[in-house]
1. Regarding GLU151, is this residue under 26 Å from MET200 (Cα atoms), more than 9 Å from the ligand (Cβ to nearest atom), at pLDDT below 95 and open to solvent by 20 Å² or more (accessible area, probe 1.4 Å)?
2. Which of the residues spanning segment 128-148 are within 11 Å of the ligand (Cβ to nearest atom) and either among the polar types (S, T, N, Q) or in contact with a Ser or Thr (Cβ under 9 Å, 6 or more places away or on another chain) (or both)?
3. THR62: under 20 Å from LYS8 (Cα atoms), open to solvent by 10 Å² or more (accessible area, probe 1.4 Å) and touching a helix residue (DSSP H, G or I) at 6+ places or on another chain (Cβ under 6 Å), yes or no?
4. Can you find even one residue in segment 138-145 that is surrounded by 22 or more Cβ atoms within 10 Å (Cβ to Cβ), among the hydroxyl-bearing types (Ser, Thr, Tyr) and outside any helix (DSSP H, G or I)?
5. Restricting the search to segment 181-192, which residues are open to solvent by 30 Å² or more (accessible area, probe 1.4 Å) and in contact with a strand residue (DSSP E or B) (Cβ under 8 Å, 6 or more places away or on another chain)?
6. Yes or no: VAL37 surrounded by 19 or more Cβ atoms within 10 Å (Cβ to Cβ), away from the ligand (no atom under 16 Å from the Cβ) and part of a strand (DSSP E or B)?
7. Tally the residues that are out of contact with any strand residue (DSSP E or B) (no Cβ under 7 Å at 6 or more places or on another chain), of a type outside the set (S, T, N, Q) and in a loop (DSSP other than H, G, I, E, B), restricting the search to segment 40-78.
8. In segment 1-21, how many residues are within 16 Å of the ligand (Cβ to nearest atom) and buried (at least 21 other Cβ atoms within 10 Å of the Cβ)?
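The values are calculated or read from the model by the stated rules, or taken from the named source; none is laboratory data. Note that this is a predicted model, so its numbers are computed, not measured. Glycine also receives a Cβ, built like all others from the backbone with ideal geometry; neighbour counts cover every protein chain displayed. Areas reflect the complete protein model, heavy atoms only, side chains present, ligands, DNA and RNA absent. Shrake-Rupley method; radii C 1.70, N 1.55, O 1.52, S 1.80 Å.
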Amino acid sequence: MTTLVTKKIVVLISGNGTNLQAIIDKLHNSELANQKVEVVAVISNKADAYGLQRASDAGINTQVVLSEGINSREQYDLLLSEAIDTFQPDLILMAGFMRILSTQFVNKYIGKMLNIHPSLLPKYQGVNTHQRAIDAGDSEHGASVHFVTPELDSGPTVLQAKVPVFAEDTAEDLAERVLTQEHLIYPLVTQWFLSERLMMVNSQAVLDGEILPENGYAAD
Ligand code: GAR
């Protein structure tokens, strides 16, 4: 009998954790290219993040590294990185982790950390992306999965999903429409990475040996 190599994922969250749930449902304890995939830990900077409950329900280790009361970004990131390193992950997924990371932290994990952002990057980096898309009168909006680099929400994009914006949309309507797409693209990109089809080379995202364009993989 051959023993499968385990590919280990640590997920960082701050809130509800619906993207975490999508990763758990589609990938946790699955087999991929003769490897086992396991979400080994979920780490939150907020003690009341509902995603922690989702992780416990799935039998996954949880850890809270509280940001409250810690004034220096570098100091917090050191604690976070100590927590992450206990699990020796192959991949770190930021799934609604609402903190800006220090350059030192990002560089430590460069090429093995992905983020999902609720806009069609490079549009609307930062927060309130749905309201900003509505205010700008955009006809389409969406989400992007990208490698994390030191510049906020600016690492190479791997995959985007677009949704229409309707005249009567509120930010909540749009957030819900975008989230549905996030739950599809994040597990897919995670699979690409874990099966070693996707990597970051010279600050560019490379899929199946091809450098991806600025907006990531496009099927059309
Ligand atoms: C998601 O929409 C994610 O794209 C966004 O937070 C939400 C988390 O939802 N992330 C960011 O804004 C990061 N800049 P979830 O907790 O239900 O997965």
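1. Yes.
2. Correct list: ASN128, THR129, HIS130, GLY142, ALA143, SER144, VAL145, HIS146.
3. Yes: the conditions hold for THR62.
4. Residues of segment 138-145 surrounded by 22 or more Cβ atoms within 10 Å (Cβ to Cβ): 141-145.
Subset that is among the hydroxyl-bearing types (Ser, Thr, Tyr): 144.
Checking which are outside any helix (DSSP H, G or I) leaves us with 144.
Checked against the condition, which is being surrounded by 22 or more Cβ atoms within 10 Å (Cβ to Cβ), among the hydroxyl-bearing types (Ser, Thr, Tyr) and outside any helix (DSSP H, G or I), segment 138-145 yields at least one hit.
5. Looking only at segment 181-192, we keep the residues that are open to solvent by 30 Å² or more (accessible area, probe 1.4 Å), and these are 181, 183-184, 188, 191.
If the condition is that a residue be open to solvent by 30 Å² or more (accessible area, probe 1.4 Å) and in contact with a strand residue (DSSP E or B) (Cβ under 8 Å, 6 or more places away or on another chain), then GLN181, LEU184, LEU188, GLN191 are the ones that fit.
6. When the stated conditions are applied, VAL37 passes them.
7. 8
8. So in segment 1-21, the residues within 16 Å of the ligand (Cβ to nearest atom) come out as 9-21.
Next cut, buried (at least 21 other Cβ atoms within 10 Å of the Cβ) only: 9-13, 17, 19-20.
Qualifying residue count, segment 1-21: 8.
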